[in-house]
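The values are calculated or read from the model by the stated rules, or taken from the named source; none is laboratory data. Predicted, not measured: the structure shown is a model, and the values here were computed from it. Neighbour counts are summed over all protein chains in view; Cβ atoms, including those assigned to glycine, are modelled from backbone coordinates with ideal geometry.
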């Protein structure tokens, strides 16, 4: 899947966030989903890893509606995180497109797998995309999570 592929009902584009305007959109979307909707404290939502991350931005008809970041966690492993889609774009395939775009970006960077910390309510979403849960449930910002991973080889 290309980072700029058209969706069925709307023109959907997934691209690397570039410049201040795109990064502002990334943080507005994350603030709306995590801070306002899920009550994650602001000080836990934004962190220093944002400066080293690849941020991807989803647009519908040119309007930002979703985002995800990938951090190279260790040699050969990318950490997918902060996947957020605005309510009006949920159910349109945007979340799936963002995950696939992270996988493509990881392959471009020569990574062998992608890991993530999934909210337990989202396990089925990630399992349908080939991710496998492992380890014990843990709390992140007061929300239950599980570690998941997908081998890209």
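Side notes on the structure shown:
- Just so you know, in the stretch 40-51 the residues that are without any contact (Cβ under 8 Å) to a residue 24 or more places away in the chain and not in a helix (DSSP H, G or I) include one that is surrounded by the fewest Cβ atoms within 10 Å (Cβ to Cβ), and it is 47.
- All positions within the stretch 84-98 that are under 11 Å from the mean Cα position of the chain (by Cα) and either without any contact (Cβ under 8 Å) to a residue 24 or more places away in the chain or not in a strand (DSSP E or B) (or both): 94, 95, 96, 97, 98
- Looking only at the stretch 104-119, residues that are crowded, with 19+ Cβ neighbours inside 10 Å and part of a loop (DSSP other than H, G, I, E, B) come to 1 in all.
- Any hit, the stretch 13-27, residues being modelled with pLDDT under 95, touching a helix residue (DSSP H, G or I) at 6+ places or on another chain (Cβ under 9 Å) and closer than 24 Å to residue 139 by Cα: no
- Any hit, the stretch 29-42, residues being within 18 Å of residue 147 (Cα to Cα) and either touching a helix residue (DSSP H, G or I) at 6+ places or on another chain (Cβ under 6 Å) or at pLDDT 95 or above (or both): no
- Yes/no for residue 101 being within 21 Å of residue 26 (Cβ to Cβ), touching a helix residue (DSSP H, G or I) at 6+ places or on another chain (Cβ under 7 Å), touching a residue at least 12 places away in the same chain (Cβ under 8 Å) and crowded, with 20+ Cβ neighbours inside 10 Å: no
- For the stretch 12-29, the criterion of being loosely packed, with under 15 Cβ neighbours inside 10 Å, touching a strand residue (DSSP E or B) at 6+ places or on another chain (Cβ under 6 Å), touching a residue at least 12 places away in the same chain (Cβ under 8 Å) and within 23 Å of residue 122 (Cβ to Cβ) is met by none of the residues.
- Flag for residue 122 being surrounded by 13 or more Cβ atoms within 10 Å (Cβ to Cβ) and out of contact with any helix residue (DSSP H, G or I) (no Cβ under 7 Å at 6 or more places or on another chain): yes
- Residue in the stretch 52-74 that is surrounded by fewer than 19 Cβ atoms within 10 Å (Cβ to Cβ), touching a strand residue (DSSP E or B) at 6+ places or on another chain (Cβ under 7 Å), in a loop (DSSP other than H, G, I, E, B) and at pLDDT below 95 present: yes
- All of 95, 78 fail the test of being farther than 16 Å from residue 28 by Cα, touching a helix residue (DSSP H, G or I) at 6+ places or on another chain (Cβ under 6 Å) and buried (at least 17 other Cβ atoms within 10 Å of the Cβ), apart from 78.
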